[in-house]
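Computed from the coordinates by the stated procedures, all read-outs in this text should not be read as laboratory data. None of the values given here were measured: they were computed from a predicted structure. Backbone-built Cβ (ideal geometry, glycine too); neighbour counts: all protein chains shown.
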Amino acid sequence: MPNASYVDPETWFSGLPGVVVAAGGAITDRSGRILLVKPNYRDHWSVPGGICEFGEPPHEGAGREVAEELGLALPVGRLLAVDWSRQYGDHNRPIMHFLFDCGVLDDGAAITLQAEELDDYRFTAPQDLPGYLPPHVLARVTAALRALVSGSVEYVPLSG
């Protein structure tokens, strides 16, 4: 006799809560400044990156987003920081953000901004980041900069 409480795996998985996955790249210059981009659809700056496509692994999403936004095919290195946030209320899906090491650029000469989404870019010294980034992004980026130095991975438990 079949188990009456059996649920097939596809049905079980489809009923699980979901999260949005976002990924980006930490790109620095030789003096330790980090590359920020200015999206044209929000007031604050950020690092290159965005939402991963359905089923896309975070490291691949980071590489795709960096290539789309900057016109550069950079290698995606190790994971530096990850955070979780529920920025848009209790009834929306939380977001997992992954920030990967995408290397060092000597300057921004090779950057070609994605005009549909970005207005500007700049390399920014760590001490100047609070003037450009909102607190939730600042926490992620400063954790990534610490991880670059320490060789660790940092988890930043954001609330929202």
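Figures for the structure shown
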item	result
Extension gain (nm, one decimal) between Val149 and Asp43, 0.36 nm per residue minus Cα-Cα	35.2 nm
Computed lengthening from Glu60 to Ala115, 0.36 nm per intervening residue step minus Cα-Cα distance	17.6 nm
Potential extension, Thr11-Gln127 segment - 0.36 nm per residue separation minus Cα distance	36.8 nm
Spin-label pair Val19/Val104, simplified geometry with 7 Å Cα→Cβ offset, distance in nm	3.2
Computed helical MRE - 222 nm, the chain, DSSP H runs ≥ 4 contributing -39500 (n - 2.57), nearest 500	-6500 deg cm²/dmol
Cut-off 11 Å (backbone N to label point 7 Å along Cα→Cβ of Arg78), residues of the stretch 98-127	101
